[in-house]
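A quick write-up on the structure given underneath.
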Amino acid sequence: MHNLTLIKGDGIGPEISEAVLKIIEASGVKINWDIQTAGAEVIEKEGVPLPDRVIESVKKNKAALKSPVTTPIGKGFRSVNVQLRKELDLYANLRPCYNIPGVKTRYDNVDIVVVRENTEDLYAGIERQVDNDTAESIKRITRSASERIAKFAFDYAVKNKRKFVTVVTKANICKLSDGLFLESARKIAENYDIPLKEILVDNCCMQLVQNPNQFDVLLLPNLYGDIVSDLCAGLIGGLGIAQGANIGKDYAVFEPVHGSAPDIAGQDKANPTAMLMSAIEMLNFIGEVEAGNAIRKALFKTFEDGIKTVDIGGSYSCSEFTKAIISRL
Ligand code: ATP
């Protein structure tokens, strides 16, 4: 029996969590879930969107599966997602992005791994209102965080037999901040046989759309990493199938790339694949590799049999799709 935390989230979070829990249960892995809530609904009762009990639960269990929590746009509380990553020092956001058999897209053989720095940059939330008509955000980049994430990217590349790492910045404009990120990547690269390539983020976006097959591991500061992750998700069929993990020295939180998709919440339309593939990585993390492989096989077979949710060109609901996976397990 494994003890793990589940952060249910909001929007489509509860639907996709339920789907994933059912599939994991059907795989035979025994998990004692500590179900935690966070976000807007929690503020009313507990005064804060991310109570200490959530952090304590992840610390106790070492790993969590998390579905999206809505962040209010332009006002309101700070992102629970960002705060959780900071509090647990989950410094690496790892987002493998590859074509899934049975999901047709414009691109073949996409196989990119996005490694995004997860704790600083413009996401540090250091902003101020200078006057009524002027606002400022501080883009904070430190040598220690930049070297740490560069090392993570290279270690990942070695372990997973990747060919090269491309560091993505705008160091021609943000000479000090992105300049430091780039300099740190160059320094860390000296310790590895794997080559480091360099590209500016605007060109990277264009090149990704024109020919994604030219990239392998991408190493990015926080903001570019967020944006480029969504772009990469688009290459393989959309956010509904893009998996992710937040990894630190002591803890890991597995969550899809997508947000809470309020536009389709509560309609049984959401695609649980991104959350399921994140959960498969979590099963690997806790040593349940066989169960993870069996779930992946059942998922891919479901796609190959033409059973898909609406976001990727199918007509099945979230619950029908979930049942179809379970019947193939
Ligand atoms: P955030 O900034 O919080 O990550 P976002 O702005 O990227 O959120 P999402 O909530 O991820 O926005 O939604 C973007 C679009 O993708 C929406 O149209 C949404 O319906 C769609 N989408 C996201 N996740 C899924 C999913 N699992 N299944 C189907 N559609 C999804």
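The values are calculated or read from the model by the stated rules, or taken from the named source; none is laboratory data. In this text the structure is predicted, and so the values were computed from the model without any measurement. Note that we place each Cβ from the backbone using ideal geometry, even for glycine, and neighbour counts take in every protein chain shown. In case anyone asks, the SASA skips ligands and DNA or RNA and just uses the protein heavy atoms, side chains included. Shrake-Rupley method; radii C 1.70, N 1.55, O 1.52, S 1.80 Å.
What would the Debye formula give as log10 I(q)/I(0) at q = 0.09, 0.14 Å⁻¹ for the alpha-carbon point model of the chain, no solvent?
-0.46, -1.16
Where the centroid of each part is defined by its Cα atoms, how far is the stretch 11-26 from the stretch 300-329 in Å?
What the calculation gives is 14 Å, centre to centre.
Counting heavy atoms of the protein chains only and a 1.4 Å probe, report the per residue accessible area for the stretch 106-236 as a whole number of Å².
51
Restricting to Cα pairs below 8 Å that are 6+ residues apart, what does the relative contact order work out to for the chain? Please round to a whole percent.
It comes to 22 percent, rounded to a whole number.
Is the stretch 240-329 best put as rounded, prolate or oblate by its Cα gyration tensor, with a ≥ b ≥ c the root eigenvalues, rounded for a/c under 1.5, and otherwise prolate when a/b is larger than b/c, oblate when not?
Taking the square roots of the gyration eigenvalues as a ≥ b ≥ c, the stretch 240-329 is oblate.
When you count, for each residue, the other Cβ atoms within 10 Å and take the mean per peptide, how do 195-206, 79-90 rank with the highest first? The partial results should precede the final answer.
Values: 195-206: 15.8, 79-90: 20.4.
The most tightly packed comes first, giving 79-90, 195-206.
In a Debye calculation with equal point scatterers on the alpha-carbon sites of the stretch 106-236 and no solvent, what is log10 I(q)/I(0) at q = 0.09 Å⁻¹?
Treating every Cα as an identical point scatterer, log10 I(q)/I(0) equals -0.27.
Highest first, please rank the peptides 120-130, 165-175 by the mean number of other Cβ atoms sitting within 10 Å of their residues. Each step should come with its number before you reach the end.
Values: 120-130: 15.4, 165-175: 19.9.
Highest to lowest by the protection proxy: 165-175, 120-130.
Quick one: of 170/297; 30/86; 75/175; 159/249; 62/323; 104/187, which pairs are farther than 28 Å apart, Cα to Cα?
170/297; 30/86; 75/175; 62/323; 104/187
Just to be sure I understand: if I project the alpha-carbon convex hull of the stretch 4-43 onto a plane and average over all orientations, what area do I get in nm²? Present the calculation step by step, with values, prior to reporting the outcome.
On the way: hull surface 11.1 nm².
Answer in nm², one decimal: 2.8.
Taking only DSSP H segments of four or more residues, each worth -39500 (n - 2.57), what value at 222 nm results for the chain once the sum is divided by all its residues, to the nearest 500 deg cm²/dmol?
Result for the chain: -13000 deg cm²/dmol, rounded to the nearest 500.
Please report the spacing between the Cα centers of the stretch 151-165 and the stretch 35-82 in Å, no decimals.
A separation of 32 Å, based on Cα centres.
Which order do peptides 137-144, 318-325 fall in by mean Cβ count within 10 Å, highest first?
Ranking, from highest mean packing down: 318-325, 137-144.
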